[in-house]
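Notes to accompany the following structure.
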Amino acid sequence: MGFGFGQRRGGQLPVEVTTFVGRAAELAEVRAGFERSRLVTLVGPGGVGKSRTALRAAAGAAERFPDGVWLVELSALRDPELIPVTLAAVLELPEQAGMEPLDAVVAHLRERRLLIVLDTCEHLVDACAMLTDVLLREAAGVHVLATSRQPLDVPGERCCAIAPLAPDDALELFVQRASAVVPGFAVDEANREQLAALARRLDGIPLAIELAAVRLRAVPLEHLVQRLGQRFEVLTGGRRTALTRHQTLRTAIGWSHELCTPEERLLWARLSVFAGSFELAAAEVVGAGGELAGGDVLEQLIGLVDKSVVQRIGENGSRYRMLDTIREYGAEWLEETGQADAVRQRHSAYHRELGQRYWDSFLTSEQVGHYRVLRAAQADVRAALEYAYRSGSPESVAAGLWFAAQLGPYWRAVGLLSEGRYWIEKGLALLDEVGQEQAWGWFMIALFSVWRGDLPGALELFHRAVDISRRSGNDRVELFCEAYLGGLGALCGEPDGLEALEGARQRLVARGDGLGIGVIHYEGALLLGVLGDTDGALDLCRTGLAYLEGTGERQLLASTLMVQGLIRWLAGEREGAVASLCRGLEAAAEIDEVLIAALCCLGLAWSAAREKRHVRAAWLLGYAENARRLGGGDPVGMLPSLFEEQEAVRAAVRGALGADEFRRWWEVGARLSGSRVLEAVRAGADAPAPVAVPGPAARGGGVDALTRREREVAVLVAEGLSNREIAERLVISKRTADAHVEHILAKLGVGSRTEIPSIASGSAGERADRV
């Protein structure tokens, strides 16, 4: 099962896992705002619910945007220069040769109608404002919904203030979250006044309310109200003066902090160095040290999850994250402990070690797993690189440069060559002495130029890399550069270019350099194809595949199969070509290689046209041509025979469908995400399956939206069982039963378990009718 060539992947809106309360007026204001403007910014203090409101508003507006709603989460991003790269990755855009990421994004968006959600802009407000201004000016069909603690101040912006919840909504939110902690919790005459006072005391701030509700696990309501009241009296000196909302939130977070054990507080502070989500292994390395042993981290992490300081996320709950305001609080405490630099060193070292493991096991079956890990840790890869460069010591900078260079194939796979080059050049600029790391850095950015189709730039950079590698004694990089210089020379008509390439190939084979062997055979095959030596090209493909088959490696395998498939097609080996291209597409999906997938789809479009499946050919062409137009290193631009085949097929399909119908299906393909292309190719479909646009909640799907276990729990709820009774019946923990009920409420879009029976029975009736 492949990734599907994209990020969350593809910027999809996350599924709501807890109920949504209130905000009817704000949602209406957003809808009205988009009637008058293409930019609406939700403005309010931290913890007030801007992100949650934006996601609900975006889901409700999805039907207005045929090209989708795209979520760009910025809270983990610290470098403003990477915002265009991040947006391009969310939109699943490969890179375009000679074009900056922002220009590529604009080119992609000009003919589209879509909504971009820029979430958490305040720490990058100037860069977000610039990006938004460009998008609104250059792409008439683009709308932007932003969240920020301050306006973007872009012309035409409409701001929607997200205030704390109204008293009734604040009370409802507390009760719903409390019922997830204490089954059966409800408002009655005995507690109504206490609950109303508590909601008022918390200023209606959703995050503060949720942090307070979780305390009911440990203390009854009356004690909760009393203790919270005492904390606020300390801050106000007993006066009835209202605290600012910022003080209210900090008080609520501070109280959660005080209720943690000393070990939990220490781990909270140390985990604040993570820019994004993290896994347990990372927490154990970064969070351990001194008075907190590595073996004790898990127990403290469980405590922080129980106290809602840390959230479990991911399909199987294997990753963790902190909300921004909670992370900021922990970061302040980390500075006060005097341990901040040591913890950040451990964080940076841990992620550099991820890069080393990726590099060391690149030619093994572990490659795919390392890609998954690096993708999930992308925000912290950036943070690790930034720390390595910021430290100032030559050793740290060199380590950061090596880390960035090691990730060269990763930067290509995820379509982030511009970002990879940014980090490598940043490291090169900080180092004066010549070393092994500089040799790899210059070689990688030269290689990036090849992949982006900038051959003149690549020649200059390869010569620079040869000089640095000789001066530093890095003969491996020198040999790699000689191979590429021979190939580029042959492309430019130099008579000894092919001889130089073949000599480098033989030396790589003699040295047993696995990476070099894997690369030079498919790159050399592509070159021979350019020069018309089809037999020689297929021989190199076979040799390369013989080396790669059985290793579990996927990136070089996909590249080699793609080259083999295209050259086989031109050689008249139609069935073999399709087999190679399909295998290449599957391998590319496993490591998310967008460009390789697009080229495979190009060849599959030719096959579809030959079989008179013209609709299939049209959308495959649309996907392949659009992705390649925005991609780097496109061999079609260098291969006259491939270009001629593409144009001949394009003309034949357009003639069979008619210009309008061809254009329609071509645009369908151009708008497809890689995951949908993969699904359609696997299914052998003539047309991709249409995308269902989900509403803000899953209620319309009834119990069909629930998992098998959730259906079982829903039936027991309908029978009147309590969560504890459900846990006993299903032999699960009560906490697990609590979580299932909360998920059921969220997916059905209801606020009370009393509404579950009618929906469950209604959905059962619908299924019976269908049968």
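The values are calculated or read from the model by the stated rules, or taken from the named source; none is laboratory data. All of these numbers come straight from a predicted model, not from anything done at the bench. Cβ placement follows ideal geometry from the backbone for every residue including glycine, while neighbour counts extend to all protein chains displayed. Please note that ligands, DNA and RNA were not included when accessible areas were found on the heavy atoms of the full protein model with its side chains. Shrake-Rupley method; radii C 1.70, N 1.55, O 1.52, S 1.80 Å.
Observations on the model:
- Assessment of the range 89-96 against the conditions (touching a strand residue (DSSP E or B) at 6+ places or on another chain (Cβ under 6 Å) and among the charged types (D, E, K, R)) yields at least one matching residue.
- The helices (runs of 4 or more DSSP H) found entirely in the range 378-432 that carry 1 or more residues being closer than 22 Å to Phe274 by Cα, open to solvent by 30 Å² or more (accessible area, probe 1.4 Å) and modelled with pLDDT under 95 are 378-390, 417-430.
- Among the candidates Val48, Val15, Val21, residue that is out of contact with any Cys (no Cβ under 8 Å at 6 or more places or on another chain), open to solvent by less than 10 Å² (accessible area, probe 1.4 Å) and either part of a strand (DSSP E or B) or at pLDDT below 90 (or both): Val48
- Subset tally (residues that are open to solvent by 70 Å² or more (accessible area, probe 1.4 Å) and out of contact with any strand residue (DSSP E or B) (no Cβ under 8 Å at 6 or more places or on another chain)) for the range 309-324: 2
- Which listed residue, of Glu63, Glu111, Glu100, Glu26, is modelled with pLDDT of 90 or more and among the acidic types (Asp, Glu): Glu26
- Consider the range 455-512 and keep the residues that are polar (S, T, N, Q) and part of a helix (DSSP H, G or I). The one that is nearest to Gly544 (Cα to Cα) is Gln506.
- When each of Gly441, Gly457, Gly435 is tested for being in contact with a Phe, Trp or Tyr (Cβ under 9 Å, 6 or more places away or on another chain), open to solvent by less than 30 Å² (accessible area, probe 1.4 Å) and not hydrophobic (A, V, I, L, M, F, W, C), the lone residue that passes is Gly441.
- Qualifying residues in the range 30-45 (those that are touching a helix residue (DSSP H, G or I) at 6+ places or on another chain (Cβ under 9 Å) and open to solvent by 40 Å² or more (accessible area, probe 1.4 Å)) - the one modelled with the highest pLDDT: Arg38
- Residue within the range 284-294 that is among the acidic types (Asp, Glu) and either in contact (Cβ under 8 Å) with a residue 40 or more places away in the chain or part of a helix (DSSP H, G or I) (or both) present: yes
- Note on the range 461-497: residues that are buried (at least 22 other Cβ atoms within 10 Å of the Cβ) and of a type in the set (S, T, N, Q) total 2.
- For the range 544-560, the criterion of being under 19 Å from Glu573 (Cα atoms), among the polar types (S, T, N, Q) and in contact with an Asp or Glu (Cβ under 9 Å, 6 or more places away or on another chain) is satisfied by at least one residue.
- Residues of the range 102-118 that are part of a helix (DSSP H, G or I) and open to solvent by 20 Å² or more (accessible area, probe 1.4 Å): Leu102, Asp103, Ala107.
- A Cβ distance below 6 Å, combined with a sequence gap of six or more or placement on separate chains, defines the contacts here; from the range 202-228, residues that are over 16 Å from Gln176 (Cα atoms) reach residues that are surrounded by 18 or more Cβ atoms within 10 Å (Cβ to Cβ) and of a type in the set (D, E, K, R) in the pairs Asp203/Arg245; Leu224/Arg215.
- Sub-7 Å Cβ pairs linking a first residue in the range 708-722 that is open to solvent by less than 60 Å² (accessible area, probe 1.4 Å) to a second residue that is among the hydrophobic types (A, V, I, L, M, F, W, C) and not in a helix (DSSP H, G or I), at least 6 apart or interchain, are Ala714/Leu706, ordered by first then second residue.
For every residue, the table says whether it meets (1) surrounded by fewer than 19 Cβ atoms within 10 Å (Cβ to Cβ); (2) touching a residue at least 40 places away in the same chain (Cβ under 8 Å).
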| position | (1), (2) |
| --- | --- |
| Cys128 | no, yes |
| Thr132 | no, yes |
| Arg137 | yes, no |
| Gly141 | yes, yes |
| Ala146 | no, yes |
| Ile162 | no, yes |
| Ala190 | yes, no |
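- Residues that are of a type in the set (D, E, K, R), modelled with pLDDT under 90 and farther than 28 Å from Ala670 by Cβ are absent from the range 123-139.
- Taking the criterion of being over 9 Å from Ile83 (Cβ atoms) and part of a helix (DSSP H, G or I), the residues of the range 119-130 that qualify are Glu122, His123, Val125, Asp126, Ala129.
- Subset of the range 276-295 that is touching a Leu at 6+ places or on another chain (Cβ under 8 Å) and closer than 27 Å to Glu73 by Cβ - its residue that is most open to solvent (accessible area, probe 1.4 Å): Glu284
- Selection status of Gly576, touching a Lys or Arg at 6+ places or on another chain (Cβ under 9 Å) and open to solvent by 10 Å² or more (accessible area, probe 1.4 Å): yes
Matching residues to (1) in contact (Cβ under 8 Å) with a residue 24 or more places away in the chain; (2) closer than 22 Å to Trp411 by Cα:
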{"site": "Arg568", "(1), (2)": "yes, no"}
{"site": "Ala577", "(1), (2)": "yes, no"}
{"site": "Glu590", "(1), (2)": "yes, yes"}
{"site": "Cys601", "(1), (2)": "yes, yes"}
{"site": "Ala608", "(1), (2)": "no, no"}
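- Close Cβ contacts (under 8 Å, 6 or more residues apart or on different chains) running from residues in the range 480-509 that are in contact (Cβ under 8 Å) with a residue 12 or more places away in the chain to residues that are basic (Lys, Arg) and open to solvent by 30 Å² or more (accessible area, probe 1.4 Å) comprise Ala483/Arg505.
- Filter result (in contact (Cβ under 8 Å) with a residue 60 or more places away in the chain, more than 20 Å from Leu298 (Cα to Cα) and not in a helix (DSSP H, G or I)) within the range 313-338: none
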